[in-house]
Amino acid sequence: MIVEKTHIPKTLIIFIDVESLRTGQELENIYGEFFELVNSAGAEIVQSSSSKQKSPSVSHFINKGKLEEIKDIVDRSKAELVIVNHQLSASQARNLELKLKVRVIDKTELILDIFASRATTHIGKLQVELAQLNHLSTRLIRGWTHLERQKGGIGLRGPGETQLETDRRLIGHRIKRLKSRLDKAHKQKQLNSYSRKKSRNKLVALVGYTNAGKTTLFNSLTNSKQLAEDKLFATLDSVTRKNIDPELGPILFSDTVGFISELPTQLIESFKATLDELKSADLLLHVVDISDIDHRQKEKEVNQILDELNLQSIPQIRVNNKCDIKGPTNVESQNKENEVWISAEKNIGIEELRELINNDLFNGIYKGWISLEASLGKIRAKLFRMGCIDEEKVSPTGKIFAHIHIGQDELDNFIHINGFALCNDKDILLETQST
Ligand SMILES: Nc1nc2c(ncn2[C@@H]2O[C@H](COP(=O)(O)OP(=O)(O)OP(=O)(O)O)[C@@H](O)[C@H]2O)c(=O)[nH]1
Ligand SMILES: [Mg+2]
């Protein structure tokens, strides 16, 4: 871990713009994002170095001349850790460590470290450990021994087996064990999702780039107090809560981990099962930080990851957040279908979003009175279970009047039942007077 409990390492960050690695889809503020990542890991940045080169060098990634300069900076600044904004091969990382004589980590390790420090749930911790082990297995060449000690070490080594083979075998065992524990944990979660289906609650998942404001919106929609901060990957473990707002139908909201460009493949693999849960969502709220100069590119990246996870067929509402900082321009202001402008923090546009959610999920919401003959006790119990009944009045003849809020689609299922009818205040008054 970058930051141990008592020690915050002095860190040098190295940002290199490599021409041959450009995809043409870089973020404009890619340096800023890298800086944010390092800050989110809790490191103390003592100096930074930014440069350009045509292509990576095979041995050290960084060109010879620049490397000498960096060696100088490390010595002068007494940096204890160097973080590079690219993925390094195992040998490049080892060669850099030998040259600079300090620990060197790359972008993948940085993100893995942030994830490791944020994981709190059982599943979250298992997933991060799995991703770290998968990464380690590609790095064995760097001399890695702590696993061996944990397993009792030398006695386990087979005859004629080299250190490297032993390490590989031990990692292989642990990966297998972790996978089976994760499988078990996910099966348990699937059971929970089965009971959700039975309760007929709809599931709405919040997705989007990291720091877009998903958790802030989740808190506002579900009246929760999950941690929302100006840090990348503040949320790691998904949280699902029931909506308690009477303006919305029976809905569960789920807050999820944010996405980032070039998400390390080890992480996508390990988090696939969690992200797979998104498949059972009835609606996705794609939260976009509209004040971010890179919001268009980030939106594309998120949609790409959603595609890879086969989630493109789930209806999506695009939620342009932080409109308190940057409102829509003239061109953007004409609201497109399934798009809203909100500020989750300042509570702007939330009503409109609720309406859109209700329309998408339930074809609108009926809010009003119904009458039920006394014989329809079962239907009344069902409406109670669904949390649809706001108020009730009973006429002297035993007829029940209930004020409900219910999805239009759901209401259509009831309307054909004899003895169930929509009514208004006047009907109720008449009924009361006639008895
Ligand atoms: N000005 C402004 N800031 C906001 C708004 N919504 C969220 N923020 C801020 O943006 C930062 C990130 O918010 P989060 O809700 O943690 O974002 P997230 O998408 O959950 O981020 P991760 O969990 O890290 O992926 C916090 O500092 C929030 O206070 C908004 O509408 N306006
Ligand atoms: Mg969050």
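The values are calculated or read from the model by the stated rules, or taken from the named source; none is laboratory data. Computed from a prediction, not measured in an experiment: that's the story for all the values here. In this analysis, Cβ positions are derived from the backbone assuming ideal geometry, glycine residues included, and neighbour counts consider all displayed protein chains. Quick note on the areas: whole protein, heavy atoms, side chains included, nothing else; ligands and nucleic acids left out. Shrake-Rupley method; radii C 1.70, N 1.55, O 1.52, S 1.80 Å.
State, to one decimal in nm², a quarter of the convex hull surface area for the C-alpha atoms of segment 293-435, i.e. the direction-averaged projected area. The partial results should precede the final answer.
Numbers: hull surface 49.8 nm².
Mean shadow area of the hull around the Cα atoms is 12.5 nm².
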(Q) I'd like the Karplus ³J(HN,Hα) series for segment 280-286: coefficients 6.51, -1.76, 1.60, θ = phi - 60°, whole numbers in Hz, and an x wherever there's a Gly or Pro. (A) 8, 6, 8, 7, 10, 9, 8
**Q.** Amide H contacts under 5 Å for Ile348, placed H, 5+ residues apart
**A.** Ser343
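By its C-alpha gyration tensor, with a ≥ b ≥ c as the square roots of the eigenvalues, how is segment 65-129 shaped: rounded for a/c under 1.5, else prolate for a/b larger than b/c, else oblate? List each step's numbers first, then the result.
Working: a/c = 3.41, a/b = 2.32, b/c = 1.47.
In terms of gyration-tensor shape, prolate.
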Q. Given charges of +1 on the Cβ of Lys and Arg and -1 on the Cβ of Asp and Glu, with all other atoms neutral, how large is the dipole of segment 365-434 about its Cα centre, in debye to the nearest 20?
A. 220 debye
Q. GNM, the chain, Cα, under 10 Å: largest mean-square fluctuation among Asn95, Asn39, Asn418?
A. Asn418
Q | Under the Karplus curve 6.51 cos²θ - 1.76 cosθ + 1.60, θ = phi - 60°, whole-Hz ³J(HN,Hα) for segment 217-234, x wherever Gly or Pro sits | A | 5, 4, 4, 5, 6, 10, 6, 9, 10, 6, 5, 10, 9, 7, 9, 6, 6, 4
Q) Rounded to the nearest whole Å³, what is the per residue volume of the convex hull around the Cα atoms of the chain? A) 185 Å³
Q. Taking amide H positions as placed 1.01 Å from N in the peptide plane, with prolines and chain starts having none, which residues 5 or more places from Ile251, or on another chain, fall under 5 Å of its amide H?
A. Lys202, Asn243
Q: Determine the principal axes of the Cα atoms in segment 200-362, then give the extent along each, sorted from largest to smallest and rounded to whole angstroms.
A: 40, 39, 30
**Q.** Angstrom value of the Kirkwood radius, inverse mean 1/r, which spans all Cα pairs in segment 1-44
**A.** 12.2 Å
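For the chain, with all protein chains present and a 1.4 Å probe, just round the carbon and sulfur fraction of the accessible area to a whole percent.
Taking all protein chains in place, the chain shows 50 percent carbon and sulfur surface.
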**Q.** 3J(HN,Hα) from dihedral phi, segment 134-139, Karplus parametrisation 6.51/-1.76/1.60, rounded to Hz, x for glycine, proline
**A.** 4, 5, 4, 5, 8, 10
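Translational D (Stokes-Einstein, µm²/s) of segment 365-434 at 10 °C and 1.306 mPa s when Rh comes from the Kirkwood sum over C-alpha pairs?
Details: Rh = 12.1 Å.
This corresponds to a translational diffusion coefficient of 131 µm²/s.
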Q: Would you mind working out the accessible area per residue for the chain, using a 1.4 Å probe, and quoting it in Å²?
A: 51 Å²
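Suppose every Lys and Arg Cβ carries +1 and every Asp and Glu Cβ carries -1, with no other charges. What dipole size does the chain come out with about its Cα centre, to the nearest 20 debye? If you can, show how the numbers build up before the last one.
Working: 61 positive and 60 negative charges, 442 e Å.
Around 2120 debye, computed over the chain.
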Q) Of Glu262, Glu28, Glu391, which is the most mobile in a GNM of the chain whose springs link Cα atoms less than 10 angstrom apart? A) Glu391
Q: Work from the charge dipole of segment 296-401 (Cβ charges, +1 for Lys and Arg, -1 for Asp and Glu, about the Cα centre) and give the residue of Met386, Leu309, Thr397 farthest towards its positive end.
A: Thr397
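Could you give the semi-axes, largest first, of the ellipsoid that matches segment 228-292, computed as the square roots of 5 times the alpha carbon gyration tensor eigenvalues and rounded to whole Å? Before the final figure, lay out the partial values.
Details: eigenvalues 112, 55, 24 Å².
Result for segment 228-292: semi-axes of 24, 17, 11 Å.
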Q | Given charges at Cβ of Lys, Arg, Asp, Glu: segment 1-89 dipole, positive-most of Asn63, Ala43, Leu81 | A | Asn63
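Counting residues in segment 10-114 as N, plug N into 2.2 N^0.38 Å and put the Cα Rg over that result.
On the way: Rg = 12.8 Å, N = 105, 2.2 N^0.38 = 12.9 Å.
The reported ratio for this selection is 0.99.
Rank by packing, highest mean first: peptides 294-301, 74-81, with packing defined as the count of other Cβ atoms within 10 Å averaged across residues. List each step's numbers first, then the result.
Numbers: 294-301: 18.0, 74-81: 16.5.
The densest-packed peptide leads the list: 294-301, 74-81.
Let me know the charge dipole size of segment 200-362 about its Cα centre in debye, to the nearest 20, where only the beta-carbon of Lys, Arg (+1) and Asp, Glu (-1) is charged.
Details: 18 positive and 27 negative charges, 57 e Å.
That gives segment 200-362 a dipole magnitude of about 280 debye.
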